[in-house]
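Since every read-out is calculated from the coordinates, none of them should be taken as a lab result. Predicted model, so just to flag it, every value in this text is computed and none were measured. We place every Cβ from the backbone using ideal geometry, glycine too, and count neighbours over all the protein chains shown.
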Amino acid sequence: MEHEVDVVVIGAGQAGLSSAHHLRRTGTRFVVLDAGTGAGGAWRHRWPSLRLGGVHGIHDLPGLALAEKDGARPASEVLAEYFARYEDEFELPVRRPVQVRSVRRGPDERLLVESGAGTWAARAVINATGTWTKPFVPHYPGQESFTGRQLHVADYRGAEEFRGRRVAVVGGGISAVELLTEIAEVATTTWVTRRPPVFGDAEFTPDAGRRAVAEVDRRVRAGLPPGSVVSATGLPPTQAVLRARDSGVLDRHPMFERITPGGLRWADGTEVEVDVILWATGFRAALDHLAPLGLREPGGGIRMDGTRVVAEPRLHLVGYGPSASTIGANRAGRAAAREVHRLLRSSTAPR
């Protein structure tokens, strides 16, 4: 079945809903295709022990405040409820579960968004698929021989399942530190990072945030992979980080050389036995469905001008690169909706 719309928004997380809100205000005919079984985007999959009060940097969606005051509630529940309320409040045309398989150029100059639920022919596409569905696990020699359990942060559900075990946490980001602190209360932990962690000694300021975002923006404008905003800021002095430093949990080891059946081995012959390896090694942008458009630059990234893809002006990426934060996603959604609206009103837009 083929459907015709002006714009397809792919993904109903923060960036997708922000885009939809602003498209609705322009009177654009659009649909939001979301792969999830319910509202909430990536938030609905966060581990239950992540409480609302422990989440940093949640920003309201445009036009409707979160309002929840109980910081002890799981963030996954609160944000899923909030996103569902938002979709209802603004009567956003979200269809789910719809897994987009590919986006390609059609014979009539429109973009064809192909999925198991049909094909949408659109004059423009706003992609807001985020990163949660594409966890990254690096490969190390001997990885397949490990007899214990390996899991990524995306599969983490709580520390209790590791009680009494020996757990290696691999990664230097804020998620690694928070989960390391949580697991250390019930298990023996080993922390491994590729580079020495950089700890901020001052409160994270708006100026520091702008500098970090500017660096990511510079990379995507050059056609390079964006990296993360966190990689440019270091570990902020949050309560979790400060507690971990004070307790001595953050005893960092350099990266191991190989994985053995029973643990980890370093180049100097040092070995540590572990039962579990938790990979807190980040995510990659979930953009495989855009491969038919041939957008990758020689540097491995997608060259951007704001939210617009330079190689395909009818396509905007939101929640990508410099807009990969809740406040950045809001701003990107507004900017993409405005640019798409201008495109649709121009004489050169496909009909």
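What to note about this one:
- Build a GNM of the chain with springs between Cα atoms under 10 Å apart, and of E339, E182, E160 the one that fluctuates most is E160.
- Computed from Cα atoms, the angle from the helix 206-221 axis to the main principal axis of the chain rounds to 70 degrees.
- Averaging the sequence gap over all C-alpha pairs within less than 8 Å and six or more residues apart, then dividing by the number of residues, gives the chain a relative contact order of 24 percent.
- Of the residues K134, K69, the one with the fewest other Cβ atoms within 10 Å heads the list, and the complete ranking is K69, K134.
- For the chain, a Kirkwood hydrodynamic radius built from all Cα pairs, placed in the Stokes-Einstein relation at 4 °C and 1.567 mPa s, yields a translational diffusion coefficient of 60 µm²/s.
- Annotation: the residues S247, S175, S323, sorted from fewest to most other C-beta atoms within 10 Å of their own C-beta, follow the order S247, S175, S323.
- Only helices enter the 222 nm calculation for the chain: every DSSP H run of n ≥ 4 contributes -39,500 (n - 2.57), and dividing by all residues gives -7500 deg cm²/dmol, rounded to 500.
- Computed from backbone phi with θ = phi - 60° and the Karplus coefficients 6.51, -1.76 and 1.60, the 3J(HN,Hα) list for the range 324-332 is 7, 8, 5, 6, x, 5, 4, 5, 5 Hz; x is used for glycine and proline.
- Sorted by Cβ neighbour density within 10 Å, fewest at the top, the residues Y82, Y320: Y82, Y320
- Amide hydrogen neighbours beyond the local backbone of L235, cut-off 5 Å, H modeled: V198, F199, G200
- Along principal axes, Cα extents of the range 78-207, largest first, whole Å: 58, 40, 32
- Kirkwood's formula applied to the C-alpha pairs of the range 84-156 gives a hydrodynamic radius of 16.3 angstrom.
- Max mean-square fluctuation residue, GNM over the chain, Cα-Cα springs under 10 Å, options A329, A117, A168: A117
- Shape metrics for the range 1-141, restricted to C-alpha atoms - Rg then Dmax, Å: 16.6, 55
- Alpha carbon centroid spacing (whole Å) that separates the range 290-351 from the range 46-83: 28
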